[in-house]
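Peer 1: Quick one: the structure is below, questions incoming.
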Amino acid sequence: MGQGQDRGMKVLWIKSDFPLPADTGGKIRTRHLLVELAKQAEVTFLCYVTPNHDQKFLAEMRGYGISVEAVVREEEDKQGIGFQLRVLSKLFSPGPYIVNKYISDEMIARVRKLATPDRCDVVICDFLEMAWCRDYVSGVPTVLFEHNVETMIWRRYHEVESNPIKKLYFAYEKKRMAKYEAAACRNFDHVLTVSEHDGEKLTQEFGLRCFTVLPTGVDIEYFAPQQGEVQQRLVFCGSMDWMPNIDGFWWFYRSIYPQVCKELAEVTFSVVGRRPGDDIVAIAKSDRSVIVSGTVEDVRPYVASAQLYIVPLRVGGGTRIKIYEAMAMKKCVVATSIGAEGLPVVDGEHIVLADSEKDFADRIKELLRDANKRNRIAESGYRMVTENYGWARAAKILHGALQATLAES
């Protein structure tokens, strides 16, 4: 395991996907924590990769001194009848769909081989979807890394869904998720969360005994302010194959954006993120004020072009790394309370919060017209993240939590 000199603690980190390219919040968080942890411990990273995964990403991770163990798995297409049939086929299995789809004989065999006292000192299961690996760990302390309270996400899906069939499915899935998440909280030796809010939720709902908060970080050198701002440009960044982002896009485009356009005819809206659905791509063809980028190698020019960075989420959990990235680029952020949930931000000082359709539209119009207020909030957010939220701090807390788990075990 590992490379280079002896680094003491041996960590096996298990995740459902590879953290490069870092095109989702979860991947960004995992990638930075892995790299920082590898400076203090001997790390093996076990994950699924797609058959066509770019070898340069594997080489990059190994270059940080991380040993990579990869299990090949076809990437899931989340659109069309095939996806719906796969969901239906697992409707009566005991665990939630997002967990069941990752269970494979090859991954089980790899966990059994690597998660033993002679190979590692502690095992981290990254995201709830890989918590099932706990059953195949032998005599080694285990830690669950909860980037979200997954049950809360499914509960919110159910609350906002208007389609009766989907609403029924979300009600069923949130019950399966609650049962699974409660068991995971009991079975692991320790749990990591991304906010105090999430830790308290897990404690209240599932009787979690103890947890450690890993504060959300940002690469302040990479996400530095840039030139290129476009007048009255809005930007929304996020993986467009993730249901909360899809819901947020449609809620904003159908219910909020028309109110803004009615008074500010020159406004434009840029949507940046991987794998947008055909229906979202089609919007850019029929509405010339909307730009849908799809997957991009570098999100920074798109963020730099915006006068306002919006996070119109009605569903979600955990914390939004992208808010800190926008703040590090000195952008004023308008978000829902759910969008900014778990982050230590103050409304009107570091960020602007709005939850109703009218309020969200009014705040956008106000800030696009008032450059002084927009710049004051952007400057305050910039100072907060650049002075307090580098990734090294979060990794130091992670290393301490792993040491404490070993000592208790």
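Peer 1: Does the stretch 320-335 include one or more residues that are under 19 Å from D23 (Cα atoms) and of a type in the set (G, A, S)?
Peer 2: yes
Peer 1: I need a count of the residues in the stretch 111-133 that are out of contact with any Asp or Glu (no Cβ under 7 Å at 6 or more places or on another chain) and more than 21 Å from K201 (Cβ to Cβ).
Peer 2: Residues meeting the conditions: 14.
Peer 1: Follow-up question, since we're still on this one. For the stretch 208-251: of the residues being closer than 30 Å to R186 by Cβ and of a type in the set (S, T, N, Q), which is modelled with the lowest pLDDT?
Peer 2: Checked the stretch 208-251; the qualifying residue modelled with the lowest pLDDT is T216.
Peer 1: Take the conditions of a type in the set (G, A, S), in the same structural domain as E196 (by TED's automatic domain parsing) and either under 25 Å from E196 (Cα atoms) or surrounded by fewer than 20 Cβ atoms within 10 Å (Cβ to Cβ) (or both) and apply them to A171. Does it pass?
Peer 2: So A171 fits the description; yes.
Peer 1: How many of the residues in the stretch 180-208 are surrounded by fewer than 21 Cβ atoms within 10 Å (Cβ to Cβ) and either free of Cβ contacts under 8 Å to residues at least 24 places away in the same chain or at positive phi (or both)?
Peer 2: Of the residues in the stretch 180-208, 6 are surrounded by fewer than 21 Cβ atoms within 10 Å (Cβ to Cβ) and either free of Cβ contacts under 8 Å to residues at least 24 places away in the same chain or at positive phi (or both).
Peer 1: Return only the number of the condition from (1) in the same structural domain as I124 (by TED's automatic domain parsing); (2) over 21 Å from the mean Cα position of the chain (by Cα) that V213 does not satisfy.
Peer 2: Every condition holds for V213 apart from (2).
Peer 1: Same structure, new question: Collect the residues in the stretch 275-297 that are on the phi > 0 side of the Ramachandran plot and assigned to a strand (DSSP E or B), keeping them in residue-number order.
Peer 2: Of everything in the stretch 275-297, just one residue is on the phi > 0 side of the Ramachandran plot and assigned to a strand (DSSP E or B), namely G294.
Peer 1: Same structure, new question: Go through the residues of the stretch 296-310 one by one and say whether even a single one is in contact with a strand residue (DSSP E or B) (Cβ under 8 Å, 6 or more places away or on another chain), surrounded by fewer than 18 Cβ atoms within 10 Å (Cβ to Cβ) and farther than 24 Å from Y157 by Cα.
Peer 2: yes
Peer 1: Here are some residues: K322, K331. Which one is of a type outside the set (S, T, N, Q), in contact with a Leu (Cβ under 9 Å, 6 or more places away or on another chain) and either outside the structural domain of G199 (by TED's automatic domain parsing) or over 19 Å from R383 (Cβ atoms) (or both)?
Peer 2: On inspection, the qualifying residue turns out to be K331.
Peer 1: Name, by its number, the condition in (1) in contact with a Phe, Trp or Tyr (Cβ under 7 Å, 6 or more places away or on another chain); (2) hydrophobic (A, V, I, L, M, F, W, C); (3) more than 30 Å from R155 (Cβ to Cβ) that does not hold for I220.
Peer 2: Among (1) in contact with a Phe, Trp or Tyr (Cβ under 7 Å, 6 or more places away or on another chain); (2) hydrophobic (A, V, I, L, M, F, W, C); (3) more than 30 Å from R155 (Cβ to Cβ), the lone unmet condition for I220 is (1).
Peer 1: Which members of the stretch 249-283 meet the condition of being of a type in the set (D, E, K, R) and either over 17 Å from C237 (Cα atoms) or out of contact with any Asp or Glu (no Cβ under 6 Å at 6 or more places or on another chain) (or both)?
Peer 2: R254, K262, E263, E266, D278, D279
Peer 1: Okay, moving on. If I go through the stretch 30-74 residue by residue, how many of them are surrounded by fewer than 20 Cβ atoms within 10 Å (Cβ to Cβ), in contact with a helix residue (DSSP H, G or I) (Cβ under 9 Å, 6 or more places away or on another chain) and among the acidic types (D, E)?
Peer 2: So the count comes out to 1.
Peer 1: Identify, please: which residue in the stretch 348-393 is in contact (Cβ under 8 Å) with a residue 40 or more places away in the chain and among the small types (G, A, S) and is, among those, farthest from T336 (Cα to Cα)?
Peer 2: If we take residues in the stretch 348-393 being in contact (Cβ under 8 Å) with a residue 40 or more places away in the chain and among the small types (G, A, S), then A392 is farthest from T336 (Cα to Cα).
Peer 1: Just the residues that are of a type in the set (F, W, Y) and either surrounded by fewer than 23 Cβ atoms within 10 Å (Cβ to Cβ) or free of Cβ contacts under 8 Å to residues at least 60 places away in the same chain (or both), please, taken from the stretch 224-242.
Peer 2: Scanning the stretch 224-242 gives a single hit, W242.
Peer 1: Related question: Got at least one residue in the stretch 87-105 being of a type in the set (V, I, T), crowded, with 17+ Cβ neighbours inside 10 Å and at pLDDT 95 or above?
Peer 2: no
The values are calculated or read from the model by the stated rules, or taken from the named source; none is laboratory data. In this text, all values refer to a predicted model and were calculated from it rather than measured experimentally. A quick note on method: Cβ atoms are made from the backbone with ideal geometry, for glycine too, and the neighbour counts reach across all protein chains shown.
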